[in-house]
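Each remark here refers to the structure printed beneath this line.
The values are calculated or read from the model by the stated rules, or taken from the named source; none is laboratory data. Computed from a predicted model, the values in this text were never measured in an experiment. Positions of Cβ are backbone-derived with ideal geometry, glycine not excepted, and every protein chain shown enters the neighbour counts.
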Amino acid sequence: MVYIAAFVGSLLLQSPLPAIDPSSVYGMKTYTTNPSFGFLPDKFAVGFAPADIDRLTMHVLKGSEPKAEGGFYATDTPYPAFKMLRFQPMPTIELAEPGEYVIEFRYGGAAVTRLPFRIEKKQTGDEFNPVVSWEFHTPVDKAGNLTFSNADDGQVWLNAWLAPAREGIAMRSSATIRLSHGGKVVAEALPFMFQEPQNARRGFKLFKPGGRTPFKKSDLAGLSGAVTGTISLPAKTLRTFAWTVNGGKVQPHPRSASDHSPRTDYWIPRRLAGSAEGYQFFHLEEQYWAISN
């Protein structure tokens, strides 16, 4: 009877299965100067959102040991396939032990997305007045993506996770962001000045070289072959990303393929943007992942 119940339960799971956008999780607010590492599990975007959202749960695991678990309050969006999630019952999660963790999302008890991370504790000062800080390490630390609206000829953004303090990037240093094709710069962002030390996703709006004319989806689609994105300081290159454009389409990362296996490692190729501004600013973007070499 147990096997029959499990089989029937599996039939009740929708297809395709829900998928949590890694960029919304790894871009979450973290607290790295408290005695415990903390993060705010808020505004997580789920694609292929199920109608029975109460069957979707989140579990923070250290090995097989649960550290936090619960369900979600879901906000509807203008896109039926997407909802915005807020973890219940606690506004923040605190982890006192350094080490390897996984945020596992389950639908009907079965894992649908697994997002690992590692936290490292550092302590300085004397024993009577210790100063604690935490480092937040994720699989997207060297990742980036190209994003643009899929509803119109949207402007292209190059986005990347950067950790200035960990990478020795001096505050107020200026980075150059460029997109190249065939040895020629085809797009660039305005110079970016680092002003915050924490690991975070940073977005750079791309323009055609030498001015403020937006570099759009149609400009990217008009290229053919290898496209390279770079983020550089005067003395070193921080990130180098590679994409391929074929037949007017950016080729997706293997982990974004609809049949990627295991499904728990799937990186959804759409992004629900605008959550920071509010419901009326939600818009859907295509996102094409790459890992810096």
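See the values below:
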item	result
Strands (runs of 3 or more DSSP E) wholly inside the stretch 39-124 that include at least 3 residues being of a type in the set (Phe, Trp, Tyr)	99-107
Given (1) closer than 19 Å to VAL25 by Cα; (2) under 19 Å from the mean Cα position of the chain (by Cα), number of the condition SER149 does not satisfy	(1)
Test: residue in the stretch 160-170 that is within 20 Å of LYS249 (Cβ to Cβ), touching a strand residue (DSSP E or B) at 6+ places or on another chain (Cβ under 8 Å) and part of a strand (DSSP E or B)	no
Checklist (1) without any contact (Cβ under 8 Å) to a residue 60 or more places away in the chain; (2) under 19 Å from the mean Cα position of the chain (by Cα); (3) under 16 Å from TRP289 (Cα atoms) applied to THR228, failing item	(2)
Meets criteria (over 12 Å from PHE87 (Cα atoms), at pLDDT 95 or above and among the polar types (S, T, N, Q)) for SER24	no
Pairs, first more than 15 Å from TRP157 (Cβ to Cβ) in the stretch 182-206, second surrounded by 12 or more Cβ atoms within 10 Å (Cβ to Cβ) and among the basic types (Lys, Arg), C-beta under 8 Å, six or more apart	VAL185/ARG178; ASN199/ARG166
